[in-house]
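S.K.: Okay, handing you the structure first.
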Amino acid sequence: FQACTGIENIDEAITLLEQNNWDLVAAINGVIPQENGILQSEYGGETLHGPAYGPTSHSTAASSTPSSSSAFRHVVPSRQIVERQPRMLDFRVEYRDRNVDVVLEDSSTVGDIKHILENELQIPASKMLLKGWKTGDVDDSTVLKTLHLPKNNCLYVLTPDLPPPSSSHSGALQESLNQNFMLIVTHREVQREYNLNFSGSSTIQEVKRNVYDLTSIPVRHQLWEGWPPSATDDSMTLAVAGLTFPCHRLTVGRRSSPVQTREQSEEQCTDVHMVSDSDGDDFEDATEFGVDDGEMFGVASSALRKSPMMPENAENEGDALLQFTAEFSSRYGDCHPVYFIGSLEAAFQEAFYGKARDRKLLAIYLHHDESVLTNVFCSQMLCAESIVSYLSQNFITWAWDMTKEANRARFLTMCTRHFGSVVAQTIRTQKTDQFPLFLIIMGKRSSNEVLNVIQGNTTVDELMMRLMAAMEIFSAQQQEDIKDEDEREARENVKREQDEAYRISLEADRAKREAQEREMAEQFRLEQIRKEQEEEREAIRLSLEQSLPPEPKEESTESVSKLRIRTPSGEFFERRFLASSKLQVVFDFVASKGYPWEEYKLLGTFPRRDVTQLDPNKSLLEVKLYPQETLFLEAKE
């Protein structure tokens, strides 16, 4: 493709081929002017006609309709001359429960994305924090091409400084559903106030059920004051009920009797109030039959409530966390943080004691079923996709249920052991309505530091901001730890290499010393053998010398044979023998001089013959060594 078009930029060439589905002819036709007949057939010389890709593809892209709300930046069709085709980038931007698809050229800036999102989300660009970039410093003037992004990207928008919109504005209903309402509920009989946080998507019925958990007044017996006139149906959400934002006051009491006359009802309703007529309309007069409010047909109300998140006095923390995870999923769905199954010590080991590059922050979630904030925090905060994704990537999440006193005391003991008495006292003084708590822990060499304690009365944006702030502190510390670890490993590698070289040197010296010792031992052994052999030979020689018959005298009357024997070294020795003496006597004489016949052979001169091959029992006269003969010794091979 580059050879045909003359395009030298490899990124530009790949972009054009991607736009044409890697169809070579279509990609070439898209950049070479057809009316000039530049691209021709090799065989027939005919011009290859075909529509240029640029206008066709862009008209097709413009006619497609995405499933989610999308914002597309106009792309100029390719000209009929060779020029760089823009690279298109796709962005999936998440904001609360909305997804916006944005398609831009890589020559655009981050500010262009915010401008498009401003039109789609109706949020001022100055109030947006666009997160999810793979690189660090990104501002509105940053050109997308300089970030080297892939074709498909996922971002998310945070709006921590955005003021809440008015609930009466019809165009901001979705935004209102995501707002939190503070309901200040006064229990009339005991004169106690409860500060309850609910999202705008919660229904009036959910509020009444939560109040039942706090006051033990069944929903059918609750008598309310303070609901707006528009709140006529328990299935209505708080966002459309006409409540005062951000705080609204309500009063609840117990009805004196389940069965009331019309006059009593009208008398009690002099103020704006609501008497719940749901969840038990068929059993309004149950107390007349001796059935208590908390019991229905012999079934205790406690049996109708949710099962506990964690067993009381659980011996094994891993089993307790398994039940916690299962119960959390059954209540709030499967989209939730992945809780670490195991003891708190094991969670520390997983988060803090690996290699510096693999370490993570530890997030400890402290649950409390009796807190009015728990339901909203779990369903709206912990189960938000952005929070779940961020926690799974950067945190080890561990959880504990503080509802039961025994479990609470057990966690405070663990907290004192691992974080110190100050942190344990801080958690101990937290009131029930301040739960749930989210503790962010960072491991620092020999100690564990609590970076942040997040209470349940927060928003998704604030929770994300505090998690990201903790992550920034952790990242700075992690970089220092990585540097220290790399330096330590480098020092240890040098030390290991030196130790290995020293070990090899010691082994070489030891091997050399052992070889010398073996050589000396072998020499000593051979010397001993040589000495023994010499002693043995000397003993044999002396024995033979002593056993020889006396040498006859020259004037002897018997026949005497005179033998002259030459040694291998050139020396001569002579001796007289009786002609009747056996040849063995000559062999013994030669052996007594240090030349045993097993190692040397005795040769005659004329004729040349090997005398040692003759019969040693024959006489010298018989072997013709008489009256004299010259012999010489030669070592056997």
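The values are calculated or read from the model by the stated rules, or taken from the named source; none is laboratory data. Worth saying up front: this structure is predicted, and the values here are computed from it rather than measured. Note that each Cβ is placed from the backbone with ideal geometry, even for glycine, and that neighbours are counted across all protein chains shown. Surface accessibility is based on the protein's heavy atoms, side chains included, excluding ligands, DNA and RNA. Shrake-Rupley method; radii C 1.70, N 1.55, O 1.52, S 1.80 Å.
S.K.: Which fully enclosed strands (runs of 3 or more DSSP E) of region 543-626 have 1 or more residues being out of contact with any strand residue (DSSP E or B) (no Cβ under 9 Å at 6 or more places or on another chain), in the same structural domain as residue 533 (by the TED database) and open to solvent by less than 90 Å² (accessible area, probe 1.4 Å)?
M.R.: none
S.K.: Among the residues of region 315-342, which ones are open to solvent by 40 Å² or more (accessible area, probe 1.4 Å) and of a type in the set (Gly, Ala, Ser)?
M.R.: Those that are open to solvent by 40 Å² or more (accessible area, probe 1.4 Å) and of a type in the set (Gly, Ala, Ser): 326, 330.
S.K.: Something else now. Going by what's in this entry, would residue 491 be described as open to solvent by 60 Å² or more (accessible area, probe 1.4 Å) and either more than 30 Å from residue 133 (Cα to Cα) or not assigned by the TED database to the domain that holds residue 382 (or both)?
M.R.: The answer is yes for residue 491.
S.K.: Can you tell me which of (1) touching a residue at least 12 places away in the same chain (Cβ under 8 Å); (2) more than 21 Å from residue 458 (Cβ to Cβ); (3) more than 26 Å from the chain's Cα centre (by Cα) is the one residue 315 doesn't meet?
M.R.: (1)
S.K.: Filtering region 214-245 down to residues that are more than 53 Å from the chain's Cα centre (by Cα) and open to solvent by 50 Å² or more (accessible area, probe 1.4 Å), which residue is nearest to residue 373 (Cα to Cα)?
M.R.: The extreme case among them is 225.
S.K.: What number goes with the only condition from (1) closer than 30 Å to residue 379 by Cβ; (2) surrounded by 11 or more Cβ atoms within 10 Å (Cβ to Cβ) that residue 472 does not pass?
M.R.: Here residue 472 clears every test but (2).
S.K.: Then there is this: May I ask you to list the residues in region 1-29 that are of a type in the set (Phe, Trp, Tyr) and farther than 15 Å from residue 151 by Cβ?
M.R.: Scanning region 1-29 gives a single hit, 1.
For every residue, the table says whether it meets (1) of a type in the set (Val, Ile, Thr); (2) at pLDDT 85 or above; (3) surrounded by 14 or more Cβ atoms within 10 Å (Cβ to Cβ).
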site	(1), (2), (3)
72	no, no, yes
116	yes, yes, yes
123	yes, no, yes
132	no, no, yes
140	no, yes, yes
149	no, no, yes
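S.K.: All but one of (1) in a strand (DSSP E or B); (2) open to solvent by less than 60 Å² (accessible area, probe 1.4 Å); (3) not β-branched (Val, Ile, Thr) hold for residue 634; which doesn't?
M.R.: Only one criterion is unmet by residue 634, namely (2).
S.K.: Starting from residues that are surrounded by 20 or more Cβ atoms within 10 Å (Cβ to Cβ) and within 17 Å of residue 318 (Cβ to Cβ), keep the ones in region 345-363 and report whichever is modelled with the highest pLDDT.
M.R.: Checked region 345-363; the qualifying residue modelled with the highest pLDDT is 362.
S.K.: Checking the condition part of a strand (DSSP E or B), open to solvent by 10 Å² or more (accessible area, probe 1.4 Å), touching a helix residue (DSSP H, G or I) at 6+ places or on another chain (Cβ under 9 Å) and farther than 18 Å from residue 350 by Cβ, which residue from 452, 457, 448 passes?
M.R.: Unique residue meeting the criteria: 452.
S.K.: Show the residue pairs meeting these rules: Cβ distance below 8 Å; 6+ apart or different chains; first residue within region 589-611 and more than 23 Å from residue 537 (Cβ to Cβ); second residue of a type in the set (Ser, Thr, Tyr) and open to solvent by 10 Å² or more (accessible area, probe 1.4 Å).
M.R.: 605/630
S.K.: Test residue 153 against the stated conditions and say whether it is among the polar types (S, T, N, Q), at pLDDT 65 or above, open to solvent by 70 Å² or more (accessible area, probe 1.4 Å) and outside any loop (DSSP other than H, G, I, E, B).
M.R.: No, not satisfied.
S.K.: Does residue 63 count as open to solvent by 50 Å² or more (accessible area, probe 1.4 Å), modelled with pLDDT under 75 and among the small types (Gly, Ala, Ser)?
M.R.: Taking the combined requirement at face value, the residue satisfies it.
So that you can scan it fast, the table gives a plain yes or no per residue for (1) at pLDDT below 90; (2) within 26 Å of the chain's Cα centre (by Cα); (3) assigned by the TED database to the domain that holds residue 198:
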position: 382; (1), (2), (3): yes, yes, no
position: 398; (1), (2), (3): no, yes, no
position: 410; (1), (2), (3): yes, no, no
position: 421; (1), (2), (3): yes, no, no
position: 431; (1), (2), (3): yes, no, no
